[in-house]
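Notes follow once the structure below has been shown.
The values are calculated or read from the model by the stated rules, or taken from the named source; none is laboratory data. Note that this is a predicted model, so its numbers are computed, not measured. Only protein heavy atoms, including side chains, enter the accessible area calculation; ligands, DNA and RNA are left aside. Shrake-Rupley method; radii C 1.70, N 1.55, O 1.52, S 1.80 Å.
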Amino acid sequence: MPFSLMVAALVVILLTQLVYVGPSARVSAPALLAFGLAGFLQDSLIWWLLSWLGGKFSELEVEGFGTILLAD
């Protein structure tokens, strides 16, 4: 189990650093909402990737898409 958590943390850290979604300066409220939704989508896709990788390389299990959305 510690290996599974380490792999999950590493994947989340690497992918969120490689694909940065956010403003570089002050933005309006609608733009901030768009950035927030894009970040939520990014995190959901990362968890989806982890659910796929978990069954192949470690003991990590993600039960379904609802769990992925709640993980954000």
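Would you mention how many residues in the stretch 27-51 are small (G, A, S), at pLDDT 80 or above and closer than 13 Å to V12 by Cα?
2
Of the residues that make up the stretch 52-64, is at least one open to solvent by less than 70 Å² (accessible area, probe 1.4 Å), modelled with pLDDT under 75 and β-branched (V, I, T)?
Within the stretch 52-64 (the criterion being open to solvent by less than 70 Å² (accessible area, probe 1.4 Å), modelled with pLDDT under 75 and β-branched (V, I, T)), the answer is yes, since at least one residue qualifies.
Restricting attention to the stretch 1-26, report how many residues are farther than 19 Å from L50 by Cα and at pLDDT 75 or above.
The number of residues fulfilling the criteria is 2.
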